[in-house]
Amino acid sequence: MKFKAFLSILILTLYSVKALSQFIVAGTHDANEYYYNIIPDKILSISSTISGSDSLYLDVNNDNILDFKFYLEVNILSKFHHYESCTLIPLNHNQIAISGYDSCYANYPAGEFIYRLPMLNAFNPGDTINPNSMWCDTTGYLAFKNYAAYIPNGQGYSCNGNAAFLASNYIGLKVFIPNDTIFGWIKISNISSTSVNIEEYACNLYSACINNNITNTYSIYPNPSNGKFTLLNRSSFNKNQSIKIYNTTGKLIYSQKHPTEQLLIDLSSQPKGVYILFNESDNQIVCKKIILK
């Protein structure tokens, strides 16, 4: 009982410290963070002045789940409509740090509102990226140039937003994983409405699981599967054991208390993708990745 009490206090302490210390410093990384240097730099660009697009998907914490998408587009609907944009799109309900919204107004009268776009926050090297930033789970803009004639009132408009990253070159990221939130950054350069260089990125590797030497005492097969699989527990049966499965947004989709030593689980009604199974008992939490194909 003393050991259980001690372990419970230790677990609560670890969770508390982790929650209070969730942050990442732009341009730095250590052993607790996943880091990837893109060599050579990935250059996204659009050469056509009429139409075209370019994109790049990133898995910033190396868990085989795509987290963000860079997307550039030029769209010329006619000689009176011209749209260019360089954007970052969060995937799987992740978020990006923004500085605010850039509003566009008609040329005349100048006070007539057209649209408002979220602009990505520009972090300097050494800036702390943490929950205090302004976060957005929709498309964020690095730069854009849009104009249209005779819209909305016969006078047209011309708007652009591409100055935020002239002196700063880090984007702030927030990634949601089961029972946890982690932070990251992406270093970029040479930003315009039709081009961007992606140089490197880093992300926290905090985990809700406690690693220990009993990880291999149970197995899941087949994995990957079509949604139906068997959990085989080779450790001594623990009546206080429970099984929980979360999707990539942290939503609990399956729970079973007091599982048998051989448990058939059916997730065939769930979408294809990656899920995390937690095996919890009196004094340990172990997790495994499940893939539905």
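The values are calculated or read from the model by the stated rules, or taken from the named source; none is laboratory data. Since we're looking at a predicted model, the values are computed, not measured. Heads up: the accessible areas ignore ligands, DNA and RNA and are worked out on the full protein's heavy atoms, side chains in. Shrake-Rupley method; radii C 1.70, N 1.55, O 1.52, S 1.80 Å.
Express the C-alpha Rg of segment 128-180 as a ratio against the empirical globular expectation 2.2 N^0.38 Å, rounded to two decimals. Before the final figure, lay out each step's value.
Numbers: Rg = 16.9 Å, N = 53, 2.2 N^0.38 = 9.9 Å.
So segment 128-180 has a normalised radius of gyration of 1.70.
The Cα center of segment 149-169 and the Cα center of segment 242-276 differ in position by 47 Å. Listed by chain and number, the aspartates and glutamates whose C-alpha is less than 17 Å from the C-alpha of Lys228, apart from same-chain residues fewer than 8 away, are Glu261, Asp266.
What pairs in Lys187/Lys288; Lys244/Lys293; Lys244/Lys272; Lys174/Lys244; Lys79/Lys174 have C-alpha atoms more than 28 Å from each other? Don't skip to the answer; put the middle values down first.
On the way: Lys187/Lys288 31 Å; Lys244/Lys293 20 Å; Lys244/Lys272 18 Å; Lys174/Lys244 24 Å; Lys79/Lys174 39 Å.
Check vs 28 Å cut-off fails for Lys187/Lys288; Lys79/Lys174.
Taking amide H atoms as placed 1.01 Å from N in the peptide plane, the amide H of Gly52 lies under 5 Å from those of Val74, each 5 or more residues away in sequence or on another chain. Amide H contacts under 5 Å for Leu267: Lys228, Phe229, restricted to partners 5 or more places along the chain or on a different chain, H placed in the peptide plane at 1.01 Å from N. Less than 5 angstrom separates the built amide H of Lys42 from those of Ile198, all sequence-distant by 5 or more or on a different chain. Alpha-carbon geometry of segment 44-99: the Rg and the Dmax are 14.0, 45 Å, given in that order. Counting only protein chain heavy atoms and rolling a 1.4 Å probe, the accessible areas of Glu200, Glu73 rank, largest first, as Glu73, Glu200. Over what distance in Å are the Cα centres of segment 66-98 and segment 187-207 separated? If you average the Cα positions of each part, the centres end up 15 Å apart.
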